[in-house]
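**Student:** Here it is, the structure, as structure tokens.
The values are calculated or read from the model by the stated rules, or taken from the named source; none is laboratory data. Just so it is clear, the model here is predicted, and its values are computed rather than measured. Backbone-built Cβ (ideal geometry, glycine too); neighbour counts: all protein chains shown.
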2 protein chains.
Amino acid sequence: MSARITLALDGMGGDHGPSVVVPAALAFLSRRDDVSLILVGDESALESALEGADTDLRKRIRIHHASQVVNMDELPSQALRGKKDSSMRVAINLVKQGEAQACVSAGNTGALMATSRFVLKTLPGIDRPAIICPIPARGGHTHMLDLGASADCTAEHLLQFAVMGSAVATAVHDIERPKVGLLNIGEEEIKGTETVRDASAMLSDSSLNYIGYVEGNDIFGGGVDVVVCEGFVGNVSLKTMEGVAKMIGAYIKEEFNRNAFTRLLALVAMPVLRALRRRTDPRRYNGASLVGLQGIVIKSHGGADMVAFENAIHIAALEVKEDVPARISRLLEDEDKERQGV
Amino acid sequence: MSARITLALDGMGGDHGPSVVVPAALAFLSRRDDVSLILVGDESALESALEGADTDLRKRIRIHHASQVVNMDELPSQALRGKKDSSMRVAINLVKQGEAQACVSAGNTGALMATSRFVLKTLPGIDRPAIICPIPARGGHTHMLDLGASADCTAEHLLQFAVMGSAVATAVHDIERPKVGLLNIGEEEIKGTETVRDASAMLSDSSLNYIGYVEGNDIFGGGVDVVVCEGFVGNVSLKTMEGVAKMIGAYIKEEFNRNAFTRLLALVAMPVLRALRRRTDPRRYNGASLVGLQGIVIKSHGGADMVAFENAIHIAALEVKEDVPARISRLLEDEDKERQGV
């Protein structure tokens, strides 16, 4: 069976580079026979990471050399101007040129966003790309955006985010009319900023399934499929989640480590503790999408391990299969018709 | 021993009114013989909730009748204009008149903030009051503000929040030079909004112990004592914490309820699970301070039970003892001197 999906992986991005990307790529290929991968980066580093790989899997991997690497703390503007042969830039170029249908990078978020926007451009009708990610919630997931691509958004931007979020929720989690909520600091009409109130009015008039304001705790309640907010707020909320989950994890560890009895308990309770860890494992949620671009770009966490990076590749393949950019364009057209009263 | 501290409690506020406020008041008095309380609200409702109370404790409670109640969903402007004899308003008046040194209310946050600001006024040098609360963190607490009093802040407002937060951290947790962090979406200089960047420059020039930008996950890391942000972001972050903690709590319950074996485990592990619940119990953190006012006002969660409301009374007494408003004024003066290069 020939591969129908080709993905470009930034082989040098993230804290670990090829030592994580290559094993994740091989693991992913062993599960999916319809995908082939292009590893972008330093040829010799990638070749040596591939040494000993299964020959059948190896056949579906092509190395594309790139001489530069974007550092994790590099300014986006510097990366854009000075790193035209970076593994990140070349991987995005491959999407632009149609050689790959999506790319995945664990590199510096700001540089990835700036470069993707510069190379791929936004979809017609979209002013700004956004970062979206599924968040675990009661009974499933909530898709939240923007998680940090841009601060200081207008009401129109928030409406565009709602359209993009709806398209992703439908594509990735097969939700027909995703319930869209606008993140605010109170449920009453009077609260929030003027921008949020204006966006709420626009969403009420839209063809989307808008359910009104939601608050920070509602993200996890299962009553909303898409949570829309500007990037500063979304990023703080996302990082807050990480921080709380980590702290509670540390509490659990401490309490089970308190004395000989509790340590024995931890052994006996291992299946339960493992199940808990699995459910709160951030690696299962690794892979945020940069949406609103003329192409699919997935951002993996910089510190992602093999399991986490493989999940990001999985999301890329899924978005290719569902053609998320085309879905966004269609929803935008519906929205335009709605506004023109057609 | 005569009472040295007098606190006014809004007896009708919150979801439960006197049925929570009165038992919490009695429990608090049984632990503290230096405090007396004024219960404000409907006289007969409060009298009947006090029936059967210990006579010694009862001596330290005075009822102050108020004929109206601010509803939980009432608009702040309506409460301000139309409810001049509400239990909330009268309790704040008692602080203004010097009959009480602080007040505690579980009533509607918007109305409490608007009324407090109108009656008590802000401190000289403070443009806007803020809501501050201790957040559990590794090794202690982080004081975070603003948690929802005002959105759309200027850099100058954020600086004032930092001053207020430092004063509270010193007063409440005895931290001499609290480490102040400014909430942002990246640690690099280039990220964040213009307001945040301007505030960072002002904080760097201030006499405060400013450590730079922090992100949402750093709130819990123990490396920062005061986290400063505008109210929209702070409120979303706070509600996100509540949501995540609740969801993980539900996960733990589900996993221990999965089958007969795990239910048996839950019984055996009860001491550990109890300790965990105690450490993540939101009631222990109930009681947010409205700071920046010429007086002490503590907001309890609307749904607070007796344990939670008692904690809010405890915070009020502590802020009276430490005279938080005077501490803020002193820090502001230091700041003025610093700016004038004295």
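**Student:** Report yes if B:Pro271 is at pLDDT below 95, surrounded by fewer than 20 Cβ atoms within 10 Å (Cβ to Cβ) and over 21 Å from B:His173 (Cα atoms), otherwise no. First the steps, then the outcome.
**Tutor:** Values: at pLDDT below 95: yes; surrounded by fewer than 20 Cβ atoms within 10 Å (Cβ to Cβ): yes; over 21 Å from B:His173 (Cα atoms): yes.
So B:Pro271 passes the test.
**Student:** If you don't mind, there's one more thing I want to ask. Tally up the residues in the stretch A:67-88 that are assigned to a loop (DSSP other than H, G, I, E, B) and surrounded by fewer than 21 Cβ atoms within 10 Å (Cβ to Cβ), please.
**Tutor:** Applying the first criterion (assigned to a loop (DSSP other than H, G, I, E, B)) to the stretch A:67-88 yields A:67, A:69-75, A:83-85.
From what is left, the residues that are surrounded by fewer than 21 Cβ atoms within 10 Å (Cβ to Cβ) are A:67, A:71-75, A:84-85.
Total satisfying the criteria: 8.
**Student:** Let me ask something else. Please verify whether B:Asp152 is at pLDDT 90 or above and assigned by TED's automatic domain parsing to the domain that holds B:Leu276, treating the condition exactly as stated.
**Tutor:** Details: at pLDDT 90 or above: no; assigned by TED's automatic domain parsing to the domain that holds B:Leu276: yes.
So B:Asp152 fails the test.
**Student:** Here's something else I'd like to know. Examine the stretch A:31-51 for a residue that is part of a helix (DSSP H, G or I), in contact with a Phe, Trp or Tyr (Cβ under 8 Å, 6 or more places away or on another chain) and under 22 Å from A:Gly303 (Cα atoms), and state whether such a residue exists.
**Tutor:** Step one: of the stretch A:31-51, the residues part of a helix (DSSP H, G or I) are A:31, A:43-50.
Those still in the list that are in contact with a Phe, Trp or Tyr (Cβ under 8 Å, 6 or more places away or on another chain) too: none.
No, the stretch A:31-51 contains no residue that is part of a helix (DSSP H, G or I), in contact with a Phe, Trp or Tyr (Cβ under 8 Å, 6 or more places away or on another chain) and under 22 Å from A:Gly303 (Cα atoms).
**Student:** Pairs only if they're at least six apart or on different chains, beta carbon under 8 angstrom, first in the stretch A:242-264 and touching a residue at least 12 places away in the same chain (Cβ under 8 Å), second outside any helix (DSSP H, G or I) and of a type in the set (A, V, I, L, M); list them, first residue then second.
**Tutor:** Partner pairs satisfying both residue conditions: A:Phe256/A:Ala269.
**Student:** Checking B:Gly287 against (1) over 16 Å from the mean Cα position of the chain (by Cα); (2) more than 8 Å from chain A (Cβ to nearest Cβ), which single condition isn't satisfied?
**Tutor:** Unmet condition: (1).
**Student:** Pick out, from the stretch A:89-207, the helices (runs of 4 or more DSSP H) lying fully within it that include 3 or more residues that are over 30 Å from A:Pro18 (Cβ atoms).
**Tutor:** In the stretch A:89-207, the matching helices (runs of 4 or more DSSP H) lie at A:155-173, A:194-205.
**Student:** OK, next. Working only within the stretch A:295-313, note down all residues that are surrounded by fewer than 19 Cβ atoms within 10 Å (Cβ to Cβ) and either in a helix (DSSP H, G or I) or at pLDDT 95 or above (or both).
**Tutor:** A:Val307
**Student:** Related question: Can you tell which of A:Ala111, A:Ala91, A:Ala102 is buried (at least 24 other Cβ atoms within 10 Å of the Cβ), of a type in the set (A, V, I, L, M, F, W, C) and in contact with a Cys (Cβ under 6 Å, 6 or more places away or on another chain)?
**Tutor:** Exactly one residue qualifies, and that residue is A:Ala91.
**Student:** Between B:Ile313, B:Ile298, B:Ile211, which is closer than 21 Å to B:His173 by Cβ, over 16 Å from the mean Cα position of the chain (by Cα), of a type in the set (A, V, I, L, M) and more than 8 Å from chain A (Cβ to nearest Cβ)?
**Tutor:** Going through B:Ile313, B:Ile298, B:Ile211 in turn, the sole match is B:Ile211.
**Student:** I'd like to check something: does the stretch A:183-206 contain any residue that is in contact (Cβ under 8 Å) with a residue 24 or more places away in the chain, surrounded by fewer than 24 Cβ atoms within 10 Å (Cβ to Cβ), more than 9 Å from chain B (Cβ to nearest Cβ) and within 25 Å of A:Ile315 (Cβ to Cβ)?
**Tutor:** Checking the stretch A:183-206: not a single residue is in contact (Cβ under 8 Å) with a residue 24 or more places away in the chain, surrounded by fewer than 24 Cβ atoms within 10 Å (Cβ to Cβ), more than 9 Å from chain B (Cβ to nearest Cβ) and within 25 Å of A:Ile315 (Cβ to Cβ).
**Student:** A:Lys299 - would you say it is basic (Lys, Arg) and assigned by TED's automatic domain parsing to the domain that holds A:Lys96?
**Tutor:** So A:Lys299 passes the test.
**Student:** Exactly one of (1) away from chain A (no Cβ under 14 Å); (2) of a type in the set (S, T, N, Q); (3) touching a strand residue (DSSP E or B) at 6+ places or on another chain (Cβ under 9 Å) is unmet by B:Thr170. Its number?
**Tutor:** (3)
**Student:** Quick check on the stretch B:114-128. Is at least one of its residues within 22 Å of B:Leu332 (Cα to Cα), within 13 Å of chain A (Cβ to nearest Cβ) and touching a helix residue (DSSP H, G or I) at 6+ places or on another chain (Cβ under 9 Å)?
**Tutor:** No: the stretch B:114-128 contains no residue that is within 22 Å of B:Leu332 (Cα to Cα), within 13 Å of chain A (Cβ to nearest Cβ) and touching a helix residue (DSSP H, G or I) at 6+ places or on another chain (Cβ under 9 Å).
**Student:** Among the residues of the stretch A:21-54 satisfying the criterion of being of a type outside the set (Phe, Trp, Tyr) and within 18 Å of the chain's Cα centre (by Cα), which is surrounded by the fewest Cβ atoms within 10 Å (Cβ to Cβ)?
**Tutor:** A:Ala24
Condition check ((1) free of Cβ contacts under 8 Å to residues at least 40 places away in the same chain; (2) more than 24 Å from B:Gly41 (Cα to Cα); (3) of a type outside the set (D, E, K, R)) across all residues:
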| position | (1), (2), (3) |
| --- | --- |
| B:Leu112 | no, no, yes |
| B:Ser116 | no, no, yes |
| B:Arg128 | no, yes, no |
| B:Ile131 | no, yes, yes |
| B:Pro136 | no, yes, yes |
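**Student:** Right, something else. I'd like the full set of residues that are closer than 26 Å to A:Ile219 by Cα, outside any helix (DSSP H, G or I) and more than 9 Å from every other protein chain (Cβ to nearest Cβ), limited to the stretch B:231-284.
**Tutor:** Within the stretch B:231-284, B:Asn257, B:Asp281 qualify.
**Student:** Another one. In this structure, does B:His157 turn out to be under 28 Å from B:Tyr210 (Cα atoms), modelled with pLDDT of 95 or more and surrounded by fewer than 24 Cβ atoms within 10 Å (Cβ to Cβ)?
**Tutor:** Yes.
**Student:** Looking at the structure I just gave you, is A:Gly181 under 30 Å from B:Ala111 (Cβ atoms) and at pLDDT 90 or above? Walk me through how you get there before you give the answer.
**Tutor:** Working: under 30 Å from B:Ala111 (Cβ atoms): yes; at pLDDT 90 or above: yes.
Criteria met by A:Gly181.
**Student:** Applying the selection to the stretch A:53-104, what residues are within 15 Å of A:Ile296 (Cβ to Cβ) and of a type in the set (S, T, N, Q)?
**Tutor:** A:Asn93, A:Gln97, A:Gln101
**Student:** Then there's this: A:Met247 - would you say it is buried (at least 17 other Cβ atoms within 10 Å of the Cβ), more than 14 Å from the chain's Cα centre (by Cα), under 26 Å from A:Asp10 (Cβ atoms) and in the same structural domain as A:Arg177 (by TED's automatic domain parsing)?
**Tutor:** Criteria not met by A:Met247.
**Student:** Any chance the stretch A:36-49 includes a residue that's free of Cβ contacts under 8 Å to residues at least 60 places away in the same chain, over 18 Å from A:Ala91 (Cα atoms) and of a type in the set (Asp, Glu)?
**Tutor:** Checked the stretch A:36-49: no residue is free of Cβ contacts under 8 Å to residues at least 60 places away in the same chain, over 18 Å from A:Ala91 (Cα atoms) and of a type in the set (Asp, Glu).
**Student:** Residues being assigned by TED's automatic domain parsing to the domain that holds A:Arg31 and out of contact with any helix residue (DSSP H, G or I) (no Cβ under 9 Å at 6 or more places or on another chain): count how many of those fall in the stretch A:265-296.
**Tutor:** So the answer is 0.
**Student:** Determine whether the stretch B:202-216 contains at least one residue that is within 15 Å of A:Thr240 (Cα to Cα) and touching a helix residue (DSSP H, G or I) at 6+ places or on another chain (Cβ under 6 Å). Walk me through it before giving the result.
**Tutor:** So the first thing to find is which residues in the stretch B:202-216 are within 15 Å of A:Thr240 (Cα to Cα), and the list is B:213-216.
Narrowing further to those that are touching a helix residue (DSSP H, G or I) at 6+ places or on another chain (Cβ under 6 Å): B:215-216.
Yes, the stretch B:202-216 contains a residue that is within 15 Å of A:Thr240 (Cα to Cα) and touching a helix residue (DSSP H, G or I) at 6+ places or on another chain (Cβ under 6 Å).
**Student:** Suppose the filter is more than 17 Å from the chain's Cα centre (by Cα), within 14 Å of chain A (Cβ to nearest Cβ) and either closer than 30 Å to A:Leu264 by Cβ or without any contact (Cβ under 8 Å) to a residue 24 or more places away in the chain (or both); does B:Ala326 pass it?
**Tutor:** No, not satisfied.
**Student:** Note down all Cβ pairs under 9 Å where the first residue falls in the stretch B:141-164 and is away from chain A (no Cβ under 12 Å), the second is among the aromatic types (Phe, Trp, Tyr) and crowded, with 24+ Cβ neighbours inside 10 Å, and they're at least six residues apart or on different chains.
**Tutor:** B:Leu145/B:Phe161
**Student:** Every residue in the stretch B:23-44 that is over 21 Å from B:Gln68 (Cβ atoms) and of a type in the set (Gly, Ala, Ser), please.
**Tutor:** From the stretch B:23-44, those over 21 Å from B:Gln68 (Cβ atoms) are B:23-24, B:26-36; that's our starting set.
B:Ala24, B:Ala27, B:Ser30, B:Ser36 - these are the residues of the stretch B:23-44 that are over 21 Å from B:Gln68 (Cβ atoms) and of a type in the set (Gly, Ala, Ser).
**Student:** Hey, another quick one. For the stretch B:209-227, indicate whether the set of residues that are surrounded by fewer than 16 Cβ atoms within 10 Å (Cβ to Cβ), out of contact with any Phe, Trp or Tyr (no Cβ under 6 Å at 6 or more places or on another chain) and over 15 Å from A:Ile248 (Cβ atoms) is non-empty.
**Tutor:** From the stretch B:209-227, those surrounded by fewer than 16 Cβ atoms within 10 Å (Cβ to Cβ) are B:212, B:222-223; that's our starting set.
Next, from what is left, pick out any that are out of contact with any Phe, Trp or Tyr (no Cβ under 6 Å at 6 or more places or on another chain): B:212, B:222-223.
Checking which are over 15 Å from A:Ile248 (Cβ atoms) leaves us with B:212, B:223.
Looking for residues that are surrounded by fewer than 16 Cβ atoms within 10 Å (Cβ to Cβ), out of contact with any Phe, Trp or Tyr (no Cβ under 6 Å at 6 or more places or on another chain) and over 15 Å from A:Ile248 (Cβ atoms), one finds at least one in the stretch B:209-227, hence yes.
**Student:** Please tell me if B:Ile328 is more than 30 Å from A:Leu273 (Cα to Cα) and in a strand (DSSP E or B).
**Tutor:** No; evaluated as a whole, the condition is false for this residue.
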